[in-house]
Amino acid sequence: MEFDLSQIKLSNNDIKRCLVLPKKPSKELAEFIGILTGDGYISNDKNKNSYIVEIAGNKILDKEYLESYITNLIKRLFNIKPKLYYKSQQNTMYVRMLSKGLYSYLLTIGFKTGKKEQIGIPTWILHDNGLMFSFIKGVIDTDGSLMLINKKSKKSKFYPIVCIKVKSKVLVRKIGRFLKKFGFRVNIIEDELRADKRGYKETIISSVILSGRSNLNLWVNIINFRNKRHLDKYNRYKMSINGADGI
């Protein structure tokens, strides 16, 4: 398939920067949509002629992932270099792009603006298994975690839990149903009241939870991680299997 991009208008700045808008779906594009879904947003202010595409993360734990991996992914997909911003009071950093063309493109291919509680998955991703795996990888790397619970056994000192926590129940249900088709043992928790990770007021979230070693092994074999914070934890888990303490 090809996206219909005939109605998208580029700004003069987009043209000067040689903005590229992919015409066909790809795994990298699906992963980027997953990243935006996890901890990104798009907005525009027509009065100021401002179009923003932004991805947030922890300026310490996600620093390498945002500065290196996401920045290079954006360059490969759209041929533009995003800017990086840091908020010391929130311990947060942002990857930001100002682009009318990119904003319009993301709407055209199915990314939704508005409240995170209502966000879903574009149909071109939902109906392709390979693209769904890439999309989920983007979500886990921005709005998920790998937890290692101290629980010694003959095989490891840790009990692993892969978890995605988002505001959208629709998103959680679709990801959960998809993962079950490939042998994951999935637990869904909806409408939990949790403190916002950037220090805002409490928020209601829903979760996809994959507990245990078999789930983690299947995850790494099929989906895996890109974010260094998750990869470091996984390596710590592997070291514990090999007899090291991983600390």
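Key figures
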{"read-out": "Residue ID - surrounded by the most Cβ atoms within 10 Å (Cβ to Cβ), chosen from residues in segment 39-65 that are within 18 Å of LEU84 (Cβ to Cβ) and small (Gly, Ala, Ser)", "value": "GLY57"}
{"read-out": "From the options ILE164, ILE136, residue that is part of a helix (DSSP H, G or I) and among the aliphatic types (A, V, I, L, M)", "value": "ILE136"}
{"read-out": "Single match in ILE55, ILE80, ILE8 (criterion: under 18 Å from the mean Cα position of the chain (by Cα) and not polar (S, T, N, Q))", "value": "ILE55"}
{"read-out": "Restricting segment 69-110 to residues that are in a helix (DSSP H, G or I) and polar (S, T, N, Q), the residue that is nearest to TYR51 (Cα to Cα)", "value": "SER104"}
{"read-out": "Single residue of SER156, SER68 found to be surrounded by fewer than 22 Cβ atoms within 10 Å (Cβ to Cβ) and without any contact (Cβ under 8 Å) to a residue 40 or more places away in the chain", "value": "SER68"}
{"read-out": "Within segment 169-191, considering residues that are under 22 Å from GLU31 (Cβ atoms) and β-branched (Val, Ile, Thr), the one surrounded by the most Cβ atoms within 10 Å (Cβ to Cβ)", "value": "ILE175"}
{"read-out": "Condition check for LYS81: of a type in the set (D, E, K, R) and free of Cβ contacts under 8 Å to residues at least 12 places away in the same chain", "value": "yes"}
{"read-out": "Those residues of segment 1-35 which are outside any loop (DSSP other than H, G, I, E, B) and at positive phi, in sequence order", "value": "none"}
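Read-outs: derived from the displayed coordinates by stated rules, not from any lab. Here the structure is a predicted model, which is why all the values come from computation and not from measurement. Virtual Cβ from ideal backbone geometry, glycine too; neighbours counted across all protein chains shown.
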